[in-house]
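The values are calculated or read from the model by the stated rules, or taken from the named source; none is laboratory data. Here the structure is a predicted model, which is why all the values come from computation and not from measurement. Heads up, the Cβs are rebuilt from the backbone with ideal geometry, glycines too, and the neighbour counts pull from every protein chain shown.
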Amino acid sequence: MMENINLDYRIIARIITQHAHILDLGCGSGELLTLLIREKQALVQGIELNDEEMHRCVEKGLTVLQGDIESGLVDYPDKSFDYVILNQIMQEIKKADFVIDEALRVGRKVIVGFPNFAHIKARLTLMFAGKTPINDALPYYWYETPNIRFLTIRDFVEYCAKKNIIIEQKYFLAKSKLVRFLPHLFALNSLFVIKRNGD
Amino acid sequence: MKFASIGPVTTHFFVFAQPPASLTLESGRSLSHVTVAFETYGNLNTQKSNAILVCHALSGDAHAAGISTEDNSHGWWDEMIGPGKALDTDKYFVICSNVLGGCRGTTGPSSDNPLTGKPYALDFPLITIADMVEAQRNLIDSFGIEKLLCVIGGSMGGMQALQWASAYPERVRAAIPIATALKHSPQQIAFDEVIRQSIMADPAWRQGYYYEHGQPEKGLAVARMIGHITFMSDLSMEEKFSRKLKNEKLSFQFTDDFEVEGYLRYRGNNFVKRFDANSYLYITKAMDYFDLSGDKFMPGVKKSPVKFLVISFKSDWLYPSYQSQDIVRVLKQKHAYTTYFDLTSTYGHDAFLIEIADETRLIRNFLANIRID
């Protein structure tokens, strides 16, 4: 069963505690949230924009708000959730800085997952082919990609240091296993558990 | 998917607040001998845990589903309530009652005042959405239902759903407010005031004491015409009428040249036959008074035990989506686990009654995940 589930989902399911309150921003059709309910009896709330994905979430019995991520966070009181999840959407949101800030206010911890733009193959494609990289984590041509920003593991670590955000855990992912050797080069995806300093 | 209607239904009547008891209203005044007209569909289970209360909008009534044995009319939400429908009567016990202040069987200004034996007219006290909910609560109590599985309604019905959840969070498992608001905006109050003025400007209104002489038909018809304009959208009116003429040529007279004029006149004149003008005044006032914004919603409750499904329609300009988003905002403050859907539509405010495909899918799936104890 677990084998069919994305590695990032499996790691997130491992990270969160039993009965945790979860807010998933850009929850898609709710697969991750369903997993978190099954594995950790989590109490979940999703935010999603797409009509069809919304219907799928409701079919699964998930509570989900239709709206964009930027405006979805602002009305929640501080620390409304144990975890706020920003998985694979950082590259799509306009005000990333604001969203991370708000997520850290609304959640005790924030789980951030994004594709690593500095993967070795991406670097080589840029370097030698002179073309925008396309790989498993970045599967789109330039003219169809929803991604409006490209960031790397190093970018994010630097950002957290500058913003005085504590990185509690970090995971570097290849397609179906963790990367331990030179993750800046070999990780396709990364997952960070972050929290505000002082929380 | 089309499902059959549940077939013949009859309206029943429940009487409460028999002296010395009375129903104390939000205004401080009270009413006795209160009758509530209601219909039910499906069966109440032995645990009494499968009841859904349907709340009607401004001009609705208790006849929400099936075919009336009285006049063969279909219920106003017949496509939503019945076997296999969004509110599946094979699973749920569905109750719908006419609101307090109404004129379709429940006590209202056209009912006889027990003190005088004549219609109350303007001696009837002003009522609020909370008062309507109190009348419903008395009805629900009479069934011995401790906790409703769901309260659902559109427009003013949505206000009642919100009021139920706010006043009785421990007695409602889920609430579905549709195309509604926590409070009327000045624009909505303004429309209601024009509606009321058009009734009151009709000399036949006679300061409300018209019952021996007949309805202020002209005023009420105009009031309803205004209403109908606000229920539609620019696009739905274009699709339905465009600038089509009733006859081939312009008349160069003040007759109803355009189809849209004919439609409004027809709707207005028809409405007069089934609705009391004073009820229209009382009910629109109740909607204008309604305000559960800010701290007034679920006072004292930190964490809402009620699950919410909030629905708005993109083409609805009378109750715009932002008002439903305001509801969601208040629910976030109450840590309520909420589903909100802004459904694509063209029919304006009427969408909740007409464009039922997505609405059905959403409500059915939402309810399917609320376990009947």
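Okay, here's what the table says:
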| read-out | value |
| --- | --- |
| Which numbered condition A:Val44 fails, given (1) among the aliphatic types (A, V, I, L, M); (2) over 21 Å from A:Tyr159 (Cβ atoms); (3) touching a Pro at 6+ places or on another chain (Cβ under 6 Å) | (3) |
| Test result for B:Gly157, more than 20 Å from B:Val301 (Cβ to Cβ), at pLDDT 95 or above, assigned by TED's automatic domain parsing to the domain that holds B:Ala135 and part of a helix (DSSP H, G or I) | yes |
| Residue in region B:292-307 that is in a helix (DSSP H, G or I) and not small (Gly, Ala, Ser) present | yes |
| Selection from region A:5-29 of residues that are closer than 19 Å to A:Ala137 by Cβ and of a type in the set (S, T, N, Q) | A:Asn6 |
| Every residue from region A:160-199 that is in a helix (DSSP H, G or I) and without any contact (Cβ under 8 Å) to a residue 12 or more places away in the chain | A:Ala161, A:Lys162 |
| Qualifying positions in region A:11-68 - surrounded by fewer than 17 Cβ atoms within 10 Å (Cβ to Cβ), away from every other protein chain (no Cβ under 12 Å) and either in contact with a Ser or Thr (Cβ under 6 Å, 6 or more places away or on another chain) or not in a helix (DSSP H, G or I) (or both) | A:Thr17, A:Gln18, A:His19, A:Gln41 |
| Scan of region B:349-373 for residues that are more than 9 Å from every other protein chain (Cβ to nearest Cβ) and in contact with a Phe, Trp or Tyr (Cβ under 6 Å, 6 or more places away or on another chain), ordered by number | B:His349, B:Asp350, B:Ala351, B:Ile354, B:Glu355 |
| In region A:69-97, residue farthest from the chain's Cα centre (by Cα) [restricted to those that are of a type in the set (D, E, K, R) and more than 9 Å from every other protein chain (Cβ to nearest Cβ)] | A:Asp78 |
| Residue count for region B:304-331, restricted to those that are without any contact (Cβ under 8 Å) to a residue 40 or more places away in the chain and more than 10 Å from every other protein chain (Cβ to nearest Cβ) | 3 |
| Residues of region B:332-345 that turn out to be farther than 20 Å from B:Ala86 by Cβ and either more than 9 Å from every other protein chain (Cβ to nearest Cβ) or in a loop (DSSP other than H, G, I, E, B) (or both), as a count | 4 |
| Failed item, numbered, when B:Asp326 is tested on (1) in the same structural domain as B:Pro169 (by TED's automatic domain parsing); (2) among the acidic types (Asp, Glu); (3) closer than 21 Å to B:Glu193 by Cα | (3) |
| Only listed residue being buried (at least 18 other Cβ atoms within 10 Å of the Cβ), hydrophobic (A, V, I, L, M, F, W, C) and either touching a residue at least 60 places away in the same chain (Cβ under 8 Å) or more than 20 Å from B:Phe14 (Cα to Cα) (or both), chosen from B:Ile95, B:Ile67, B:Ile52 | B:Ile52 |
| One residue from B:Leu115, B:Leu126, B:Leu100 being at pLDDT below 95, over 28 Å from B:Thr46 (Cβ atoms), assigned to a loop (DSSP other than H, G, I, E, B) and of a type in the set (A, V, I, L, M) | B:Leu115 |
| Yes/no for B:Leu281 being of a type outside the set (Phe, Trp, Tyr), in contact (Cβ under 8 Å) with a residue 60 or more places away in the chain and either closer than 24 Å to B:Ile127 by Cβ or surrounded by fewer than 16 Cβ atoms within 10 Å (Cβ to Cβ) (or both) | yes |
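Table: residues versus (1) part of a loop (DSSP other than H, G, I, E, B); (2) surrounded by 14 or more Cβ atoms within 10 Å (Cβ to Cβ); (3) modelled with pLDDT of 95 or more; (4) assigned by TED's automatic domain parsing to the domain that holds B:Asp276.
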site	(1), (2), (3), (4)
B:Ile152	no, yes, yes, no
B:Ala161	no, yes, yes, no
B:Ala174	no, yes, yes, no
B:Tyr211	yes, yes, yes, yes
B:Gln215	yes, yes, yes, yes
B:Ile226	no, yes, yes, yes
